[in-house]
Amino acid sequence: MSTRTAVVTGASSGIGAATARRLAEAGYRVLLTARRADRIEGLAAELTAAGLEAAAHPLDVTDRAAVDAFAASLDRCDVLVNNAGGALGLDPVATGDPADWRAMYEVNVLGVLHVTQALLPALTASGDGTVVVLTSTAGHGTYEGGGGYVAAKHGAHALAETLRLELCGKPVRVIEVAPGMVRTDEFAMTRFHGDEERAAAVYAGVAEPLTAEDVADTVAWAVTRPPHVNIDLLVVRPRAQASNTKVHRER
């Protein structure tokens, strides 16, 4: 296939799904990956019905054998959007659950490593490849209760920054997009293990948190810059959020 191809991980909901839509609208053949097959199959059907190119590939980014098999099945890859990730818990370091820390590291860091390593040969062979790593403002500053997630996103940031140095001189860009407060249907609910009250409190009084579409627009803009332009790091927050710990909340 001659159509430029973009792989989006974690495409079953939120930022991943919105990014897949935006890249499909921009003319890419979008390959949707996530663990929830029904979600990505539904999105692929929606995009195809709209006359866009998309296909679903169920995938767990923490399963290296599955990632390698997925990579081997592709005819080309021009863009990789490493979006799969997430937070678990808001406990202090003293009482944090090591299982949550391990799970966050597995998906936010090793998941990015697995998919990037597997697709890097195809991205390089494209002659104009782009790797996007969705980190977070948590990858650039700490906050109380965020230790495990902050550590994982710092790891993803370090991976992106190191990869950019190592690929200098090769036809592959490395872009990091670090969103701040984004209100999606699942992020806070997953973090608080389905506790609706705690999830809602994250956004209480914030008039306009970012949306998944806001972040997707940012990713699509960075990806569609001319090939010689690399957006090394783009931090995007809602106007109401000045830092990880300073947020304006209306009474």
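Here's the picture: a label point sits 7 Å out from the Cα of GLU46 along the beta-carbon direction, and within region 186-212 the residues with their amide nitrogen under 15 Å of it are 186, 212.
Subtracting the Cα-Cα distance of GLN117 and ALA242 from their residue separation scaled by 0.36 nm leaves 41.5 nm. Compared with the dominant principal axis of the Cα atoms in the chain, helix 212-223 is inclined by about 40°. Ligands, DNA and RNA are left out, and with a 1.4 angstrom probe the accessible area of region 82-155 is 38 Å² per residue. Could you compute the net charge surrounding ALA18? Neighbours are other residues with a C-beta less than 9 Å from the C-beta of ALA18; K and R count +1, D and E count -1. Computed value for this residue: -1. In terms of packing, defined here as the mean over residues of other Cβ atoms within 10 angstrom, the peptides 148-154, 158-164, 54-60 line up highest first as 148-154, 54-60, 158-164.
Computed from the Cβ-Cβ distance with R0 of 22 Å, the FRET efficiency linking LEU234 to ALA69 stands at 0.10. Working from label points 7 Å from Cα in the Cα-to-Cβ sense, the MET189 to GLU144 distance is 2.9 nm. Rolling a 1.4 Å probe over the protein heavy atoms of the chain, with every protein chain left in place, gives an accessible area that is 53 percent carbon and sulfur. Hull volume per residue, based on the alpha-carbon atoms of the chain and their convex hull, is 125 Å³. Round to the nearest 10 and give me the degree value, 0 to 90, for the angle of helix 147-166's Cα axis relative to the longest principal axis of the chain. Compared with the principal axis, the helix lies near 30 degrees. The residues packed around ALA151, meaning those with a beta-carbon under 12 Å from its beta-carbon, carry a net charge of +1 if Lys and Arg are +1 and Asp and Glu are -1. Net length available on complete extension from GLU197 to GLU213 is 3.3 nm, with 0.36 nm assigned per residue and the Cα-Cα distance removed.
The values are calculated or read from the model by the stated rules, or taken from the named source; none is laboratory data. Everything numeric here is computed off the predicted structure, so don't read it as measured data. Cβ sites come from the backbone with ideal geometry, for glycine too, and all protein chains shown count toward neighbours. Heads up: the accessible areas ignore ligands, DNA and RNA and are worked out on the full protein's heavy atoms, side chains in. Shrake-Rupley method; radii C 1.70, N 1.55, O 1.52, S 1.80 Å.
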